[in-house]
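Notes for the one structure printed next.
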Amino acid sequence: MLNNTLNRTLFKSNVLKKTAILSVVASLFLAGCGSDQNFKREVEGNEDYLQSPSLKSLIIPEGVSVPTETSDFYVDKTEIKGNLGKQLDIRPPSLPIPTVPDAFAVYNSGSVTFNAPLSNQVWERIPNSLTKRNISIASQDSSAIQTNKAFIIRADEEQAVEASYSIKRQLLGDTETITILITSLTRGTDDLTSQPIEVQRYVVGLFNDIMDDVAPDSMRVAPPKAQDKEAEKNKAESKKPATAVSSAN
């Protein structure tokens, strides 16, 4: 009896150890898979098309007439430089989205310019928005904010960038114009300030984050879906009183 009990105890202990080891291995495997964000930037499918053979000259048999050559179907053989296949980043450019009433925003040449009524108090709320994202402020007054360098993490990037921002404000009547631009942008040892798409992505990204913080509650509630017209019609029909039909004898 004692031997059976000991055997069962040892068996359960071994099972628990093996289960724990498998759980650790599985979690490490999933963590490794989860860190690869390339699928968010790459085209789907394989790259077999990159191995397509080059075009050959058309061989026309003797006695066969051909139409007059036209440039409409000319295939340009010029070599195209740039990323191909999985190396091509398919993400669209980021666009600024204002979320407060009577406001507009535009991106141009590395900066976002935003205009809104003073009543929205966007400028006063920017410091809290920066702090929320661990972006510390180097200097600040009523018309300008300079940030220190901070790491910016995106879900579609494997490596964070380090960026610093300059945010300026100008009063125009009862409105304020706020301009956000990047003063430094690096990923590891690579300087990204000369790459327009990267600059746009991180300038507009910060602006949209700020807009998310200052958005009124009315912007966060999805409007109720309109009822289906056919359903309303059926409902109305069902409420009509039944009509009795009598037959003549």
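The values are calculated or read from the model by the stated rules, or taken from the named source; none is laboratory data. Remember, predicted model here, so these are calculated numbers, not experimental data. Here the Cβ positions follow ideal geometry from the backbone for every residue, glycine too, while neighbour counts run over all protein chains shown.
Numerical summary
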read-out: Selection status of Ser109, under 24 Å from Thr193 (Cα atoms) and touching a residue at least 12 places away in the same chain (Cβ under 8 Å); value: no
read-out: Leading residue by the ranking (nearest to Ile210 (Cα to Cα)) among those in region 87-107 that are touching a Lys or Arg at 6+ places or on another chain (Cβ under 9 Å) and among the charged types (D, E, K, R); value: Arg91
read-out: Selected residue (only one of Gly45, Gly85 is surrounded by 11 or more Cβ atoms within 10 Å (Cβ to Cβ), at positive phi and modelled with pLDDT under 80); value: Gly85
read-out: Single unsatisfied condition, Asp213 versus (1) surrounded by fewer than 17 Cβ atoms within 10 Å (Cβ to Cβ); (2) assigned to a strand (DSSP E or B); value: (2)
read-out: Residue tally, condition among the charged types (D, E, K, R), over 17 Å from Ile178 (Cβ atoms) and assigned to a loop (DSSP other than H, G, I, E, B), over region 85-116; value: 2
read-out: Yes/no for Pro98 being over 15 Å from Tyr202 (Cα atoms), in contact (Cβ under 8 Å) with a residue 12 or more places away in the chain and touching a Phe, Trp or Tyr at 6+ places or on another chain (Cβ under 8 Å); value: yes
read-out: Residues that are touching a Lys or Arg at 6+ places or on another chain (Cβ under 8 Å), surrounded by fewer than 14 Cβ atoms within 10 Å (Cβ to Cβ) and modelled with pLDDT of 95 or more, drawn from region 143-157; value: Ser143, Ala144
read-out: In region 132-144, the residues that are among the aliphatic types (A, V, I, L, M) and either under 27 Å from Asp102 (Cβ atoms) or outside any strand (DSSP E or B) (or both); value: Ile135, Ala144
read-out: Residue in region 145-166 that is among the hydroxyl-bearing types (Ser, Thr, Tyr), part of a loop (DSSP other than H, G, I, E, B) and either free of Cβ contacts under 8 Å to residues at least 40 places away in the same chain or within 18 Å of Pro96 (Cβ to Cβ) (or both) present; value: no
read-out: Exclusive hit being surrounded by 13 or more Cβ atoms within 10 Å (Cβ to Cβ) and polar (S, T, N, Q), set Thr189, Thr193; value: Thr193
read-out: Residue among Arg201, Arg220 that alone is among the basic types (Lys, Arg) and at pLDDT 75 or above; value: Arg201
read-out: Residue within region 55-71 that is touching a Lys or Arg at 6+ places or on another chain (Cβ under 8 Å) and either loosely packed, with under 10 Cβ neighbours inside 10 Å or modelled with pLDDT of 80 or more (or both) present; value: yes
read-out: Residues satisfying the stated conditions in region 158-186, i.e. touching a Pro at 6+ places or on another chain (Cβ under 7 Å) and surrounded by 13 or more Cβ atoms within 10 Å (Cβ to Cβ); value: Thr175
